[in-house]
Amino acid sequence: MRDEIGQSPEEIFDVVDDHDCVVGSLSREAIHEQGLKHRAVHIFWLRADGLLCLQRRSYAKDKSPGLISTSCAGHLDSGETYLKAAVREFREEMGIAIMNEQLLEIDYVPAHCRLGNEFVRVYLLRGDFTCRLHKPEVDSVLWRTPR
């Protein structure tokens with residue numbers, strides 16, 4: 001069960017091998033403590049006026065509190081697909097329900113110890129939506145012109 005900031009040490013994630021194939025599942029806490037490979041998603045949200053949404057993470061987060069990040073990011077729950085996780089995370093963090101078809105996969109980042117041992121699929125979302133931020137999880141958003 002997730003707490004109010006969208007994380008719980010008891011959350012169960014899939015553990016993956018060097019080829020991003022599931023080899024088991026463990027708690028969020030165990031995966032991070034042991035430095036095991038697992039999965040995550042990131043979304044870049046671009047409005048029609050060309051501005052890019054960046055998120056300031058909640059200061060209560062256990063990883064990178066208060067730092068600027070992509071529009072939305074999160075781990076995959078055990079058994080969840082990358083796309084399903086992206087849709088879920090965007091709804092949880094931004095308060096906006098989107099459809100799979102609205103997301104365009106723009107990158108796939110292999111797991112590396114310097115990047116949290118996460119395989120990451122990166123998506124682009126285009127559109128004008130009204131945010132309803134989940135304040136315990138997201139401190140604020142900033143709109144910037146991509147360079």
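Quick notes
- Nearest-ten-degree value, helix 82-94 long axis tilted from longest Cα axis of the chain: 50 degrees
- Listed by chain and number, the lysines whose C-alpha is less than 18 Å from the C-alpha of LYS135, apart from same-chain residues fewer than 8 away, are LYS61, LYS63.
- Within straight-line reach of LYS84, meaning a Cα separation under 16 Å, sit the following aspartates and glutamates at least 8 residues removed in sequence or on another chain: ASP14, GLU92, GLU93, GLU101, GLU105.
- Counted charge near ASN117, where neighbours are those whose Cβ lies closer than 11 Å (Asp, Glu -1; Lys, Arg +1): +1
- Viscosity 1.306 mPa s, temperature 10 °C, Stokes-Einstein D of the chain from Kirkwood C-alpha radius, µm²/s: 102 µm²/s
- Residues SER78, SER58, SER64, sorted so that the one with the fewest Cβ neighbours within 10 Å comes first: SER64, SER78, SER58
- Cβ-based net charge around PRO146, under 14 Å, with every Lys or Arg adding one and every Asp or Glu removing one: +3
Just so you know, all these numbers are worked out from the coordinates, no wet-lab data involved. Computed from a predicted structure; not experimentally measured. Here Cβ is always computed from backbone atoms with ideal geometry, including for glycine, and neighbour counts include all displayed protein chains.
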